[in-house]
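Here is the structure we will look at, set down as structure tokens.
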């Protein structure tokens, strides 16, 4: 009995208790006898066990289906590169050539767009491309630049006509003359630069929150937005998204949501049809969105 | 410590003789296990898969030169831990550039010039309030994330793979005593974090 009391007084270090829990101590180590007799050490042991259980919950996940196959495919590609060391260089050159052809084609076809003039110090970025890749179109941004005539301000009427026509063809599937005027007005509205605030709050109407959550997760993943930047909170009949995005990512997300049938109820910018905004596409913003069921 | 096994030797010999297909055995055997380790370290499916894929590609390139100083399993784990560490810090840097203050103060939120911006109820401005029920889970996740690299890696290898201290030491190329110390330190740090958040749950007294 006296020996047990001594053991209790001289508690082992937390390192030993931890190692005891992991079965890393010799079974005849004095710690075993001590812990059996010491309520304080047993309590500590229980706490470590609870922490271990919580860690296991936090870090365990299902292995994605097809993981091995995807890895094997990647290894096979690597093997091909090793076996045909020049293949990679040839493919790279071919890719570079294709990019050059694309750029030349873009420049040639882009002559149909009317020449434009930057206004003030603001940088305005056209969103018709997929990225903020330097193909920024400076546009006329006079406050009343809503009439089609503004398009021809810096260009001849003929070239403006061609430009608007080509845009109509691109955006509306080549609609014919009767809708041309409306389409031009619509195009002009799309080219008016909008300000996107540092914090954007919007409300969307959705069919159900589960589908919306899947949709959003898919979009954000495709855009390579880090998971740490995203919070999705289910709250009864609504779903709340809080995300750290760039302006460009936000515009793409808004467009993708609209394209998937979600209805934007909030009038806050950016609206899906707006394709020009002020500032840099890489500027970070915080996006708060509420996805509510029904309209 | 796990040394190179007879199966490892056979596989390596076949690989060196030109049968590269035998590498698929390694992928089949270890991809899921390594994925779990990477996920434990990174907390993201996408990142974990990329890291594991990269690890296998690198292993494929280097297997010809593998010296057999440890088992293939230990070697692969070491590659994954190293790549995960790089990715972890890269993510953190990118995250900080992109403004990760989602849960923090939002300057300008209350004094927006645009009344349309107030179309979402005010409660949305305190998202953390929605997460109270998961507070302890979040604390554990955050606690793991904030552990020093070497402590976190040691803890993950122990808790995900249930590796012995000996194997962890071989994987991380450190001493067994160091592993013992890191694991105890990790548990103690998490205990203090949880004890601070929920004083009734854990004792405040420290064992010496």
Answer yes if at least one residue in region A:234-242 is at pLDDT below 85 and at the interface with chain B (Cβ under 9 Å from one of its Cβ atoms), and no otherwise.
yes
Looking at (1) more than 30 Å from residue B:26 (Cβ to Cβ); (2) surrounded by 12 or more Cβ atoms within 10 Å (Cβ to Cβ); (3) at pLDDT 90 or above; (4) more than 8 Å from chain B (Cβ to nearest Cβ), find the lone condition where residue A:32 falls short.
(3)
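For region A:209-228, give me each residue that is assigned to a loop (DSSP other than H, G, I, E, B) and more than 7 Å from every other protein chain (Cβ to nearest Cβ). Step through it out loud before you land on a result.
Initially, region A:209-228 is screened for residues assigned to a loop (DSSP other than H, G, I, E, B), giving A:223-226.
Of everything in region A:209-228, those that are assigned to a loop (DSSP other than H, G, I, E, B) and more than 7 Å from every other protein chain (Cβ to nearest Cβ) turn out to be A:223, A:224, A:225.
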Candidates B:196, B:159, filtered to the one that is at pLDDT 50 or above, over 26 Å from residue A:24 (Cα atoms) and in a helix (DSSP H, G or I)
B:196
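Yes/no matrix, rows are residues, columns are (1) surrounded by 14 or more Cβ atoms within 10 Å (Cβ to Cβ); (2) under 28 Å from residue B:160 (Cβ atoms); (3) at pLDDT below 95:
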{"residue": "B:40", "(1), (2), (3)": "yes, yes, yes"}
{"residue": "B:56", "(1), (2), (3)": "yes, yes, no"}
{"residue": "B:61", "(1), (2), (3)": "yes, yes, yes"}
{"residue": "B:77", "(1), (2), (3)": "yes, yes, no"}
{"residue": "B:88", "(1), (2), (3)": "yes, yes, yes"}
{"residue": "B:103", "(1), (2), (3)": "no, yes, yes"}
{"residue": "B:129", "(1), (2), (3)": "no, no, yes"}
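Can you tell which of A:254, A:206 is under 30 Å from residue B:91 (Cα atoms), away from every other protein chain (no Cβ under 12 Å) and crowded, with 21+ Cβ neighbours inside 10 Å? Working first, answer last.
Values: A:206 fails: under 30 Å from residue B:91 (Cα atoms).
After applying the criteria, what remains is A:254.
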Exactly one of (1) exposed (fewer than 14 other Cβ atoms within 10 Å of the Cβ); (2) at pLDDT 90 or above; (3) more than 30 Å from the chain's Cα centre (by Cα) is unmet by residue A:17. Its number?
(1)
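Does residue A:231 count as within 20 Å of residue B:46 (Cβ to Cβ), at the interface with chain B (Cβ under 8 Å from one of its Cβ atoms) and either at pLDDT 85 or above or in contact with a strand residue (DSSP E or B) (Cβ under 9 Å, 6 or more places away or on another chain) (or both)? Please lay out each step first, then the result.
Details: within 20 Å of residue B:46 (Cβ to Cβ): yes; at the interface with chain B (Cβ under 8 Å from one of its Cβ atoms): yes; either at pLDDT 85 or above or in contact with a strand residue (DSSP E or B) (Cβ under 9 Å, 6 or more places away or on another chain) (or both): yes.
For residue A:231, the condition - within 20 Å of residue B:46 (Cβ to Cβ), at the interface with chain B (Cβ under 8 Å from one of its Cβ atoms) and either at pLDDT 85 or above or in contact with a strand residue (DSSP E or B) (Cβ under 9 Å, 6 or more places away or on another chain) (or both) - is met.
Condition first: surrounded by 20 or more Cβ atoms within 10 Å (Cβ to Cβ) and either more than 7 Å from chain A (Cβ to nearest Cβ) or free of Cβ contacts under 8 Å to residues at least 24 places away in the same chain (or both). Now tell me which residues in region B:23-35 satisfy that. If you could, list the steps in order and put the result at the bottom.
Of all residues in region B:23-35, those surrounded by 20 or more Cβ atoms within 10 Å (Cβ to Cβ) come to B:23, B:26-27, B:30-31, B:34-35.
Across region B:23-35, the qualifying residues are B:26, B:30, B:34, B:35.
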Which condition does residue A:43 not pass, out of (1) touching a helix residue (DSSP H, G or I) at 6+ places or on another chain (Cβ under 8 Å); (2) at the interface with chain B (Cβ under 10 Å from one of its Cβ atoms), if it passes all the others?
(1)
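Could you list, in sequence order, all residues of region A:39-56 that are more than 15 Å from residue B:186 (Cα to Cα) and surrounded by 12 or more Cβ atoms within 10 Å (Cβ to Cβ)?
Initially, region A:39-56 is screened for residues more than 15 Å from residue B:186 (Cα to Cα), giving A:39-43, A:46.
Those that are more than 15 Å from residue B:186 (Cα to Cα) and surrounded by 12 or more Cβ atoms within 10 Å (Cβ to Cβ): A:40, A:41, A:42, A:43, A:46.
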Can you confirm whether residue A:197 is touching a residue at least 60 places away in the same chain (Cβ under 8 Å) and either over 23 Å from residue A:284 (Cβ atoms) or not in a helix (DSSP H, G or I) (or both)?
yes
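What about residue A:273, is it assigned to a helix (DSSP H, G or I) and either buried (at least 18 other Cβ atoms within 10 Å of the Cβ) or out of contact with any strand residue (DSSP E or B) (no Cβ under 8 Å at 6 or more places or on another chain) (or both)? Let's see the steps before the verdict.
On the way: assigned to a helix (DSSP H, G or I): no; either buried (at least 18 other Cβ atoms within 10 Å of the Cβ) or out of contact with any strand residue (DSSP E or B) (no Cβ under 8 Å at 6 or more places or on another chain) (or both): yes.
Taking the combined requirement at face value, the residue does not satisfy it.
The values are calculated or read from the model by the stated rules, or taken from the named source; none is laboratory data. Just so we're clear, the structure is a prediction, and the values are computed from it rather than from any experiment. Reconstructed Cβ throughout: ideal geometry from the backbone, glycine too, with neighbour counts over all protein chains shown.
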